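A.B. asks: A single structure is presented below for examination.
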Amino acid sequence: MKLALGAIPYYWPKEAVFDFYAQVQDAPVDIVYLGETVCAKRYALRLEDWLAIAEKLRLAGKAVFFSTQVLLESDTHLHIMKRIVENDRFPVEANDMGAVHLLTGRQGFVAGMHLNVYHPAALDMMADMGAIRWVMPMEMGKTDLAQMMALLKRD
């Protein structure tokens, strides 16, 4: 079993974020998701800051993924999402169909929980587009997950 740590869902000052991820370097976590997923207006860190954190985590043996924002409200937010998708050093968790579209055919990506994939056909579609992992929606229960897994197409 692998333990994954999701992106921070709260606004923290820049130094608090750096301090937190310095502690994560030594934590028993296998996979770390980085980035602002909730609100673009609270960017305390630039992409270069996240890349620096990611490199330190990778050197500590962690698998690192960049998470895209859930709702894009402006051209600036779209530009930031494109920069995350186009980074050539770390895979991406897509939390928006625009990110999925840009990632299709480029590299394997994680279908994030904010894509609201609740049906096996939708999950198959994500896999066909290049998803290598899926994060189930927060609201999905054990029974629904078991039914979904039973209905997935098998290779």
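The values are calculated or read from the model by the stated rules, or taken from the named source; none is laboratory data. Everything numeric in this text was worked out from a predicted model, so none of it was measured. In this analysis, Cβ positions are derived from the backbone assuming ideal geometry, glycine residues included, and neighbour counts consider all displayed protein chains. SASA here: full protein model, heavy atoms, side chains in, ligands and nucleic acids out. Shrake-Rupley method; radii C 1.70, N 1.55, O 1.52, S 1.80 Å.
A.B. asks: Could you grab the relative contact order for the stretch 1-81? Cα pairs under 8 Å, six or more apart, rounded to a whole percent.
C.D. replies: After rounding, I find 35 percent.
A.B. asks: Distance between Cα centroids, the stretch 108-145 to the stretch 25-89: provide it in whole Å.
C.D. replies: 20 Å
A.B. asks: Next question, about the same structure. How much of F20 can a 1.4 Å solvent probe reach, expressed as accessible area in Å² and rounded to 10?
C.D. replies: Using a 1.4 Å probe on the heavy atoms, I get roughly 60 Å².
A.B. asks: Heavy atoms only, probe 1.4 angstrom, no DNA, RNA or ligands counted: give me K2, K82, K56 ranked by accessible area, highest first.
C.D. replies: Ranked from most to least accessible, the order is K2, K56, K82.
A.B. asks: With an 8 Å Cα cut-off and a minimum separation of 6 or more residues, compute the relative contact order for the chain in percent.
C.D. replies: 16 percent
A.B. asks: Normalised by the number of residues in the stretch 51-127, what is the relative contact order in percent for Cα pairs under 8 Å and 6+ residues apart?
C.D. replies: 25 percent
A.B. asks: Could you tell me the accessible area of T37 in Å² (1.4 Å probe, neighbours in place), rounded to the nearest ten?
C.D. replies: Surface open to solvent at T37 totals about 10 Å².
A.B. asks: Per-residue ellipticity at 222 nm for the chain, helices alone: DSSP H runs ≥ 4 residues times -39500 (n - 2.57), over residue total, nearest 500 deg cm²/dmol?
C.D. replies: Computed ellipticity for the chain at 222 nm equals -12000 deg cm²/dmol.
A.B. asks: If you don't mind, another one. Sticking to Cα atoms, compute the Rg of the chain to one decimal and its Dmax as the biggest Cα-Cα distance, whole number, in Å.
C.D. replies: When restricted to Cα atoms, the chain yields Rg and Dmax of 15.7, 46 Å.
A.B. asks: Quote the charge dipole size of the stretch 1-98 about the Cα centre in Debye, to the nearest 20; the model charges only the Cβ of Lys and Arg (+1) and of Asp and Glu (-1).
C.D. replies: 80 debye
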